[in-house]
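A.B. asks: To start, I am sharing the structure in question, which I have written as structure tokens.
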Amino acid sequence: MSDEDEIILSELNDEDLVAQMFDDLYDGMKEEIEESVNILLSRDWAPYRILTEALVGGMTIVGHDFRDGILFVPEVLLAANAMKGGMFILKPLLAETGAPQVGKMVIGTVKGDIHDIGKNLVGMMMEGAGFEVIDLGINNAVESYLEALEAESADILGMSALLTTTMPYMKVVIDTLIEKGIRDDYIVLVGGAPLNEEFGKAIGADAYCRDAAVAVETAKTFVARKHNQSGATA
Ligand code: B1M
């Protein structure tokens with residue numbers, strides 16, 4: 001592209017800028033995504049709106065083209081990296097709501113699975129809603145979840161899986177909690193694109209969360225219920 005053709009992001013109106021962000025995410029242009037996020041923030045866009053409308057919106061297109069064989073793993077990795085650049089800027093802002101800590105969540109992607117964008121988003125949104133989040137990263141074996149739950153005295157266990165081959169591992173974790181007699185000590189929430197409510201019920205989770213916003217609302221409801229119960233029995 002010649003200098004003459006160069007797009008000046010700050011000169012685009014909001015609609016064109018978001019459309020450009022979709023293209024930049026698609027092309028894995030991390031610096032451009034970071035610049036655009038900062039421009040939208042300077043135009044008083046709420047961090048959550050930037051996250052959902054621009055970043056998640058753009059990543060959805062990437063997902064469709066990955067599914068359809070138009071994009072391949074290296075390109076998707078670049079797109080994911082660009083998205084992370086934007087999320088890195090938004091993370092502290094989403095957490096800045098000043099909400100008091102309402103509970104503690106241990107979250108991680110299950111064994112065999114390296115997808116972490118959705119899990120990171122859930123973690124960010126939970127922090128934004130006042131939860132303390134212990135992020136175990138990707139590829140977690142049952143031991144890793146158990147150790148963290150105990151060490152952190154967490155209220156909630158969150159598990160993420162993006163592959164139909166890894167989602168059954170969630171049941172392994174829940175069954176282990178049952179075997180150890182500690183299942184009812186934790187609120188177990190699960191999520192990830194291939195899951196659904198029926199699956200969540202079948203494996204014995206407390207709830208399946210369709211997206212990060214639902215995860216926050218569900219966590220709040222369950223924690224409030226837990227506090228009410230312990231208040232009633234105290
Ligand atoms: Co992967 N991949 N991938 N991939 N990848 C999918 C999941 C896939 C659906 C693509 C497709 O074919 N259409 C497909 C799975 C098919 C299946 O299982 N039936 C797939 C495949 C096949 C693979 C590989 C096997 C490809 C290969 O190597 N041949 C491989 C597997 C590697 C492994 O894990 N062992 C692989 C690799 C990769 C990359 C490394 C290239 C990259 C991951 C980069 C990263 O995460 N750091 C990648 C990506 C980016 C995707 C897609 C395109 C996008 C996923 C994403 O980030 N979405 C994805 C296609 C798709 O989902 N459309 C795909 C955006 C994110 C915000 O949404 O993660 O759904 P999501 O999270 C949402 C909700 O689900 C929910 O809230 C989030 C926010 O709203 N949620 C939770 C998620 N976790 C939660 C936990 C909770 C609550 C809610 O706990 C309380």
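The values are calculated or read from the model by the stated rules, or taken from the named source; none is laboratory data. Model, not experiment: these values are computed from the prediction. Heads up, the Cβs are rebuilt from the backbone with ideal geometry, glycines too, and the neighbour counts pull from every protein chain shown. Remember, those area values only see protein heavy atoms, side chains included, never the ligands or the DNA or RNA. Shrake-Rupley method; radii C 1.70, N 1.55, O 1.52, S 1.80 Å.
A.B. asks: Along the Cα-to-Cβ line of residue 143, 7 Å from the Cα, sits a label point; which residues in region 104-127 have backbone N less than 16 Å from it?
C.D. replies: Output list for this probe position: 111-112.
A.B. asks: Give me, ordered by chain and number, the residues 5 or more places off residue 134 or on other chains with an amide H under 5 Å from its own placed amide H.
C.D. replies: 105, 106, 107
A.B. asks: Starting from the coordinates of the alpha-carbon atoms of region 144-234, obtain the Kirkwood hydrodynamic radius over all distinct pairs and give the value in Å to one decimal.
C.D. replies: Taking the inverse mean of 1/r over all distinct Cα pairs, region 144-234 comes out at 13.6 Å.
A.B. asks: So how tilted is helix 73-95 from the main axis of the chain? Cα-based, degrees 0 to 90, rounded to 10.
C.D. replies: 70 degrees
A.B. asks: At R0 = 45 Å, how high is the FRET efficiency between residue 171 and residue 13 if r is their beta carbon distance? Nearest 0.05 is fine.
C.D. replies: So the FRET efficiency works out to roughly 0.40.
A.B. asks: Name all residues of region 105-127 having a backbone nitrogen under 13 Å from the label point set 7 Å from the Cα of residue 230 along its Cα→Cβ direction, giving them as ranges.
C.D. replies: Counting backbone N atoms under 13 Å from the label point, the list is 105.
A.B. asks: Probe radius 1.4 Å, ligands and nucleic acids ignored: give me the carbon and sulfur share of the accessible area of the chain as a rounded percent.
C.D. replies: Within the chain, the accessible surface is 54 percent carbon and sulfur.
A.B. asks: Set the Förster distance to 30 Å, then compute FRET efficiency between residue 197 and residue 61 from the Cβ-Cβ distance, nearest 0.05.
C.D. replies: Working from the Cβ atoms, E equals 0.70.
A.B. asks: Given a 10 angstrom Cα cut-off, can you work out which residue in 151, 205, 141 is the most mobile in a GNM of the chain?
C.D. replies: In the Gaussian network model the winner is 151.
A.B. asks: What lysines does residue 119 reach when the alpha-carbon gap must be under 23 Å and sequence neighbours fewer than 8 apart in one chain are set aside?
C.D. replies: Within the straight-line cut-off, residue 119 pairs with 30, 84, 91, 104, 111, 171, 201, 220.
A.B. asks: What is the P(r) of the chain, as percent of Cα-Cα pairs per 10 Å bin from 0?
C.D. replies: Reading upward from the zero bin: 8, 30, 32, 20, 8, 2, 0, 0.
A.B. asks: Residues of the chain: accessible area per residue at 1.4 Å, in Å²?
C.D. replies: 52 Å²
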